Amino acid sequence: MKKTLLLTLFTCLHCLGFGQPSDLTDSDWYIDLVYVGGVEYESPIHPSSGILNPNIEFLANKVYAAIDPESDSFFGTIDYDVQDQRFTITEPAITLPGCQIYCDFAGKYFELLFGDGIEIVFDWAIILMDGGEKALHITRSDGSYALFNDHPPLSIDEQQKTKIMLVPNPVIDILHISSEDFVVQEIYIYDLTGKRYTEILQNESYLNVSSLSAGMYFMELRTETGQTIKKFIKN
């Protein structure tokens with residue numbers, strides 16, 4: 001009888017989505033970009049700055065975030081809803097020892113995380129790339145979001161080699177790809193559920209995404225020097 005009750009309780013808790021999501025807590029996450037106030041801000045962090053610490057850390061009931069470990073940091077209490085892939089941050093706070101580097105970007109990052117300063121709810125999605133890398137996307141109900149990677153940022157030279165622009169973004173049908181001095185060899189597109197779509201470049205400058213449903217997508221582009229991830233919205 002006791003075993004039956006314990007099994008029933010465990011099953012109910014699992015169905016309600018309680019628990020600690022290992023896909024969040026077991027990875028190091030490095031900030032790639034932040035979107036707040038209708039503007040997208042790309043991370044300026046690179047290895048030459050010496051700042052390669054993970055930029056957000058998910059624990060059992062706490063979350064910590066920082067750009068520079070010697071500067072301001074964010075922390076709060078976190079509750080996970082594993083079933084709906086949603087977490088809620090309560091009692092958010094920011095320590096204020098002073099900003100040392102990347103202050104403008106750090107301000108936007110904390111603006112996203114701090115919210116109204118009372119309670120912030122985020123949906124999350126983790127995209128597994130074909131090469132094994134992972135990307136984390138967190139978004140608030142007002143449309144603000146952040147994108148993280150599970151690997152440190154590239155060096156300045158590598159960033160320049162993989163500089164790519166997608167226009168227009170949002171897009172309805174034809175998405176133009178602007179790259180500098182290298183050829184994109186493969187493109188993989190992922191939706192927020194992790195479903196992968198393989199696309200072939202047409203004349204190496206654009207692709208037709210009209211068949212995709214409306215929503216947010218991640219694009220993994222592979223070149224002779226490596227791979228990079230971009231985000232676009234399909235209207």
Quiz prompt | Selected residue (criterion: modelled with the lowest pLDDT) from residues of the range 195-210 that are assigned to a loop (DSSP other than H, G, I, E, B) and exposed (fewer than 14 other Cβ atoms within 10 Å of the Cβ) | solution = Asn203
Quiz item: Out of the range 211-235, which residues are in contact (Cβ under 8 Å) with a residue 12 or more places away in the chain, assigned to a loop (DSSP other than H, G, I, E, B) and either of a type in the set (S, T, N, Q) or outside the structural domain of Met165 (by TED's automatic domain parsing) (or both)?
Solution: Ser213, Thr225, Asn235
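Which count do you get for residues in the range 13-42 that are part of a loop (DSSP other than H, G, I, E, B) and at pLDDT 85 or above?
So the answer is 5.
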Quiz item: What do you reckon, is Phe87 in contact with a helix residue (DSSP H, G or I) (Cβ under 6 Å, 6 or more places away or on another chain), surrounded by 19 or more Cβ atoms within 10 Å (Cβ to Cβ) and more than 25 Å from Tyr188 (Cβ to Cβ)?
Solution: no
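The values are calculated or read from the model by the stated rules, or taken from the named source; none is laboratory data. Every value quoted in this text rests on a predicted model; they were computed, and no experiment measured them. Positions of Cβ are generated from backbone atoms using ideal geometry, with glycine treated the same way; all protein chains shown enter the neighbour counts.
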